[in-house]
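Student: I have a structure I would like to understand better, so I am pasting it below and will then ask my questions one at a time.
The values are calculated or read from the model by the stated rules, or taken from the named source; none is laboratory data. Please read these numbers as outputs of a predicted model, since none were measured by experiment. Reconstructed Cβ throughout: ideal geometry from the backbone, glycine too, with neighbour counts over all protein chains shown. Surface areas here come from the heavy atoms of the whole protein model, side chains and all, with no ligands, DNA or RNA. Shrake-Rupley method; radii C 1.70, N 1.55, O 1.52, S 1.80 Å.
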Amino acid sequence: MADLIAKSPCEGLLPATIGGMSLTEEHPGAIWAVAPFKGEQKVLSKALEAAHGMAFPAPNRATGKAGSRAVWFGRGMALLMGPVPDAGLAKHAALTDQSDAWAVVRLDGAEAENVLARLVPVDLRGQVFKRGHTVRTELKHMMASVTRVGPQAFQIMVFRSMAKTLVHDLKTAMEAVAARG
């Protein structure tokens, strides 16, 4: 019988530091899709807040904090990252475990916005895309979720199968931005 060894999506690819910027793999814990049943979003939001300390996020927003965050993920859907959802939430929403489906990285540094400007067709400058803002968008040629988690920090998620491509594209953009300086 084969001996299987669990590996993270970016194992052996990260961390990387280029030009004062860092790219690291995040291990957010459990990742669950939360899709409210029709007419249940307000009740779900209250239940989510009671159980996990955060409301169901508005479009293009994230609630909570590192280790326990809800990220808007499209119309009528959010990802609960960190805790396993309280069983009571199942009365108000469909819950689906997505823990092994995503590669999650963090891009930090003064030039992080400039790196992402090379890859994402969305204005991520701090004056318009503030902490707690999130967007589902294309990152080069992959669909991604980008969330500002700090003044110079972004959480980026793509399908697990695209982890190597994500790291390559981000490192290439980091090198290009660093070369300008």
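Student: Could you list, ordered by first residue, the pairs with Cβ atoms under 6 Å in which the first is in the range 153-181 and more than 21 Å from Ser8 (Cα to Cα) and the second is open to solvent by 40 Å² or more (accessible area, probe 1.4 Å) and of a type in the set (S, T, N, Q), at least 6 apart or interchain?
Tutor: From residues that are more than 21 Å from Ser8 (Cα to Cα), the pairs are Val177/Asn114.
Student: From the residues in the range 36-62 that are within 16 Å of the chain's Cα centre (by Cα) and buried (at least 20 other Cβ atoms within 10 Å of the Cβ), which one is farthest from Ala144 (Cα to Cα)? Full working, then the answer.
Tutor: Taking the range 36-62 first, the residues within 16 Å of the chain's Cα centre (by Cα) are 56-62.
With buried (at least 20 other Cβ atoms within 10 Å of the Cβ) added as a condition, the list becomes 56-57, 62.
Working: Phe56: 20, Pro57: 18, Ala62: 15 Å.
Once the filter is applied, the top-ranked residue is Phe56.
Student: Hey, another quick one. Within the range 1-35, track down each residue that is open to solvent by 80 Å² or more (accessible area, probe 1.4 Å) and of a type in the set (Asp, Glu).
Tutor: Within the range 1-35, Asp3, Glu11 meet the criteria.
Student: Same structure again: Look through the range 168-181, keep the residues that are surrounded by fewer than 21 Cβ atoms within 10 Å (Cβ to Cβ) and modelled with pLDDT of 95 or more, and return whichever of them is farthest from the chain's Cα centre (by Cα).
Tutor: By that ranking, first place goes to Ala179.
Student: From Leu95, Leu23, Leu44, Leu80, which residue is in contact (Cβ under 8 Å) with a residue 40 or more places away in the chain, touching a strand residue (DSSP E or B) at 6+ places or on another chain (Cβ under 9 Å), among the aliphatic types (A, V, I, L, M) and within 30 Å of Gly181 (Cα to Cα)?
Tutor: Leu23
Student: For the range 109-133, what are the residues that are under 19 Å from Leu23 (Cβ atoms) and of a type in the set (S, T, N, Q)?
Tutor: Asn114
Student: Which of the residues that make up the range 108-139 are in a loop (DSSP other than H, G, I, E, B) and either more than 16 Å from the chain's Cα centre (by Cα) or touching a residue at least 40 places away in the same chain (Cβ under 8 Å) (or both)?
Tutor: Gly109, Ala110, Glu111, Arg118, Leu119, Pro121, Asp123, Arg125, Gly126, Gln127, Val128, Gly132
Student: Quickly run through the range 72-104 and pick out the residues that are within 17 Å of Met54 (Cβ to Cβ) and not aliphatic (A, V, I, L, M).
Tutor: Hits for the range 72-104 are Trp72, Phe73, Gly82, Pro83, Pro85, Asp86, Gly88, His92.
Student: Further question: For Ile156, only one of the following conditions fails: (1) in contact with a helix residue (DSSP H, G or I) (Cβ under 8 Å, 6 or more places away or on another chain); (2) farther than 23 Å from Gln41 by Cβ; (3) open to solvent by 50 Å² or more (accessible area, probe 1.4 Å). What is its number?
Tutor: All conditions pass for Ile156, except number (3).
Student: Could you say which residue among Ala78, Ala101 is on the phi < 0 side of the Ramachandran plot, among the small types (Gly, Ala, Ser) and either out of contact with any Lys or Arg (no Cβ under 7 Å at 6 or more places or on another chain) or open to solvent by less than 20 Å² (accessible area, probe 1.4 Å) (or both)?
Tutor: Checking each option against the conditions leaves just Ala78.
Student: So, of the residues in the range 1-51 that are assigned to a loop (DSSP other than H, G, I, E, B) and of a type in the set (Asp, Glu), which turns out to be modelled with the lowest pLDDT? Quick ask: steps written out before the conclusion?
Tutor: Taking the range 1-51 first, the residues assigned to a loop (DSSP other than H, G, I, E, B) are 1-15, 19-20, 26-29, 37-40.
The next check asks that each one be of a type in the set (Asp, Glu); those that pass are 3, 11, 26, 40.
On the way: Asp3: 84, Glu11: 96, Glu26: 97, Glu40: 96.
Among those residues, the one meeting the criterion is Asp3.
Student: Please work out which residue is most open to solvent (accessible area, probe 1.4 Å), limiting yourself to the range 140-153 and to residues that are closer than 19 Å to Arg69 by Cβ and either in a loop (DSSP other than H, G, I, E, B) or of a type in the set (A, V, I, L, M, F, W, C) (or both).
Tutor: Pro151
Student: Continuing with this model, one more query. Looking at Leu95, is it in a strand (DSSP E or B), surrounded by fewer than 18 Cβ atoms within 10 Å (Cβ to Cβ) and among the aliphatic types (A, V, I, L, M)?
Tutor: Yes.
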